[in-house]
1. By its C-alpha gyration tensor, with a ≥ b ≥ c as the square roots of the eigenvalues, how is the chain shaped: rounded for a/c under 1.5, else prolate for a/b larger than b/c, else oblate?
2. Would you tally the net charge around L118, using a Cβ to Cβ cut-off of less than 15 Å, leaving L118 out, and scoring K and R as +1, D and E as -1?
3. GNM, the chain, Cα, under 10 Å: largest mean-square fluctuation among N66, N141, N92?
4. If each DSSP helix of 4+ residues adds -39,500 (n - 2.57) and the sum is divided by the residues in the chain, what number results at 222 nm, nearest 500 deg cm²/dmol?
5. Using +1 at the Cβ of each Lys and Arg and -1 at the Cβ of each Asp and Glu in the range 50-169, identify which of V150, L79, L118 lies farthest towards the dipole's positive end.
6. Taking the chain as a Gaussian network, Cα atoms linked when under 10 Å apart, which of D69, D163, D19 shows the biggest mean-square fluctuation?
7. Arrange the residues K130, K51 by how much accessible surface each exposes, largest first, with a 1.4 angstrom probe.
8. I want to check the label-to-label distance for F87 and F149. Put each point 7 Å from Cα in the C-beta direction and report it in nm to one decimal.
Amino acid sequence: FLLGVGLGFLTGLSRIAEDYFYPTFKVMAYVPVLGWLPVWLAVLGVSDALKVVLIAQAALSPIVLNVHDGVRDVPLSLLQVGRVFLFTPLQNLRWIVLPVAFPRIWSGIRFGLTKAWLVLVAVELLASTKGLGYMMVNARNLYQIDIMFVSVIAIATVGLLLDRGLEAVERHVLRWRS
C-alpha cells in the first residue's frame, strides 16, 4: 500500500514521473489480475510468492490511480495561497495537498484492499494448497457442503471486517469533513 501511495504522489506531483509511470498503471487497471495467473504460475509455481505478486498487482493500480488523481485535483487557487504564505514544498504538501487529496487516497486504499482480498481468495481457489479458497475447493471435492458454506461465510466475514475497519479509520481521520 505504501508503494502505491508513494508512486501516486510521485506521478501526481511530477510531470516526468507521470509521463513515465502513469500509462503503465492505467493499462494494468484494464487487465484482469487473474489474466496474469498463468504467467505468474509458470514463473513462480504454486507458492506464497504467487499470492504476494498477484495481490500486490491487484492493489497497486487502484491506489496509484486514486492518489494521482487526488493530488492532481488540488485546486490551483489553494496552491497559490501556499505561495502567498511562502510555504516550502513540504509545507505545501502537508497543509494543502494532503488534506485535499486524502479522501481520494483513502478511497484508493479501500478499493485496493478490496481487490487484494478478492484476488487472494481467487488465487487460493485456483492455485493453492492452503487458505480459505483452498479449503472451499477441497470441501467441494470431498462433497463436504457444510465446510464449503463455512468457507463462504468466513470469506465474507473477513472481507466485511476489513472494510468496516477501514471505514472506522476513515471516519476518525476524516472527521473534519463532516
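The values are calculated or read from the model by the stated rules, or taken from the named source; none is laboratory data. Computed from a predicted structure; not experimentally measured. Using ideal geometry, Cβ is built from the backbone for each residue, glycine included, and neighbour counts are taken over all protein chains shown. Surface accessibility is based on the protein's heavy atoms, side chains included, excluding ligands, DNA and RNA. Shrake-Rupley method; radii C 1.70, N 1.55, O 1.52, S 1.80 Å.
1. oblate
2. My count for the surroundings of L118 gives +1.
3. N141
4. Computed ellipticity for the chain at 222 nm equals -26500 deg cm²/dmol.
5. Positive-end residue among those listed: L79.
6. Judging by the Gaussian network model, the answer is D19.
7. Descending accessible area places them as K130, K51.
8. The modelled label-to-label distance comes out at 5.6 nm.
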